1. Taking the stated definitions as given, is residue 50 outside any helix (DSSP H, G or I) and over 21 Å from residue 148 (Cβ atoms)?
2. Please tell me if residue 286 is buried (at least 16 other Cβ atoms within 10 Å of the Cβ), touching a helix residue (DSSP H, G or I) at 6+ places or on another chain (Cβ under 9 Å) and more than 26 Å from residue 182 (Cβ to Cβ).
3. Residue under question is residue 34, and the condition is that it be within 22 Å of residue 75 (Cβ to Cβ) and assigned to a helix (DSSP H, G or I); does it hold?
4. If I filter segment 150-160 for residues that are crowded, with 21+ Cβ neighbours inside 10 Å and closer than 24 Å to residue 103 by Cα, do I get at least one hit?
5. Tell me, which helices (runs of 4 or more DSSP H) lie completely within segment 164-266 with 2 or more residues that are under 26 Å from the mean Cα position of the chain (by Cα) and within 30 Å of residue 137 (Cα to Cα)?
6. Does residue 277 satisfy being surrounded by fewer than 21 Cβ atoms within 10 Å (Cβ to Cβ) and outside any helix (DSSP H, G or I)?
7. Quick one: how many residues across segment 58-74 are loosely packed, with under 15 Cβ neighbours inside 10 Å and without any contact (Cβ under 8 Å) to a residue 24 or more places away in the chain?
């Protein structure tokens, strides 16, 4: 009977009918309340249906009967983390690592949770463990780089992003973040290269065009900067930063009518924020 219920539930899932599948899983749990596999499957359906508390209850029951069940602890930890119960999630991730010391997923989850708690050194330590377990994985290097960048450890961040790129030269995010870090340490050549690679890999990345334009403008390559800002506007017509920066570049070229036009757009754009005041000042100066 249990096999028939599970087979029907699984078929309903294949057919895209999770609510009906849940009814069959409920029946299966009544038949075999201590079977961890049945509860694990039902928990997944509860998650799909947005029933987080019910899923957590299923994982708790699995853990009660199978206290060494790696999957139940890891899944419950993720749900607790999503609910904001970060300390409780850490306990589950620690348990998973105790059960399986080379569990990459648990280290990733715990590192992410440490980051949410502001415990960045502990997050980096866990990412280091991931890198030890799987030296070819670029993600721990990328994520460590982001933490180091946010903390102002820019030399370390540059090295981290370079390590990520060495492992995955197709990751536009790693190149983009390398560009940000290189720009902050005033390595303009490296920044242009990194942003250019990010754009090559992801031509829709608006921030890469804006940032590369900023580097070009700082280097006196104003025409190149204008071209990048224009491309950013093409991709994101409501981005006030691109209009403001292009307006400044036009002003550098004494193309004051074009600059004024861009500053006026900034003033009409909802995303302007604190750029509105700057644009207003520049526009007033150009009108004098």
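Where a number appears in this text, it was derived from the coordinates with a stated rule and is not lab data. Treat the numbers as computed from the prediction; the structure is a model and nothing was measured. Cβ: placed from backbone, ideal geometry, glycine included. Neighbour counts: every protein chain shown.
1. yes
2. Answer is no for this residue.
3. So residue 34 does not fit the description; no.
4. Yes: segment 150-160 contains one or more residues that are crowded, with 21+ Cβ neighbours inside 10 Å and closer than 24 Å to residue 103 by Cα.
5. Counting at least 2 such residues, we get 172-184, 188-201, 206-218.
6. Taking the combined requirement at face value, the residue does not satisfy it.
7. 3
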